[in-house]
1. Do you know which residues across the stretch 87-127 are crowded, with 16+ Cβ neighbours inside 10 Å and of a type in the set (Ser, Thr, Tyr)?
2. Would you mind finding the one in 12, 61 that is in contact with a helix residue (DSSP H, G or I) (Cβ under 9 Å, 6 or more places away or on another chain) and at pLDDT 85 or above?
3. Take the residues in the stretch 7-50 that are β-branched (Val, Ile, Thr) and in contact with a strand residue (DSSP E or B) (Cβ under 7 Å, 6 or more places away or on another chain), then tell me which one is farthest from residue 134 (Cα to Cα).
4. Pairs please, first residue from the stretch 128-139 and within 14 Å of residue 35 (Cα to Cα), second anywhere and surrounded by fewer than 17 Cβ atoms within 10 Å (Cβ to Cβ) and of a type outside the set (S, T, N, Q), Cβ atoms under 6 Å, 6+ apart in sequence or on different chains.
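The values are calculated or read from the model by the stated rules, or taken from the named source; none is laboratory data. Note that this is a predicted model, so its numbers are computed, not measured. With ideal geometry, Cβ positions are generated from the backbone for all residues, glycine too; neighbour counts draw on all protein chains shown.
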Amino acid sequence: MELKRIDNLWHFFATQNQLFLKKHIDNKVLYVFKKNKIQLIHSFNPRFTAQSSLSIGPESFEMGVETYAASKKRFGLPTALNLHQRLFFPKELLKLTSRYSLIIEKDRFKNLRVTLEPFIPKNIKDTSAPINLICETLWSFRYFSNTVKN
């Protein structure tokens, strides 16, 4: 049931925002969108949807040279990231650490890619809000339209 809900949600975003949705199913399920040369990839294990991630970055992104990371805040549990990696990059994106572990990579051409883990889309607002926040902060545009209401 959850797989069908996730599939319907991504198809809804593709239809409402007039984007091409590429879907690939193997050991992992991949949903890929492209808008303004920024690629959005949601990947997850269909058997265990909590193993999921959402990556947003330019199509031309190469291998990351620098990594900035901030882990999800968990009460009483140590962070899963090394202390040397725990650098806070864009301050506006730190709001996302209450729900996700945030990884920001920079390649040699100064392109940025942001990865959120675990990313489990539940409804329209909870899915579009972090994506739009990242795109507005780093690339100054909204990935998904605000006129879409639940």
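1. Across the stretch 87-127, the qualifying residues are 97, 100, 101, 115, 127.
2. Working: 61 fails: in contact with a helix residue (DSSP H, G or I) (Cβ under 9 Å, 6 or more places away or on another chain).
12 is the lone residue from the list that is in contact with a helix residue (DSSP H, G or I) (Cβ under 9 Å, 6 or more places away or on another chain) and at pLDDT 85 or above.
3. Within the stretch 7-50, the first condition is being β-branched (Val, Ile, Thr), and the residues that meet it are 15, 25, 29, 32, 38, 41, 49.
After this cut, where a residue has to be in contact with a strand residue (DSSP E or B) (Cβ under 7 Å, 6 or more places away or on another chain) as well, the list is 29, 32, 38, 41.
Values: 29: 23, 32: 17, 38: 11, 41: 14 Å.
Ranking the candidates gives 29 first.
4. Partner pairs satisfying both residue conditions: 132/142; 135/141.
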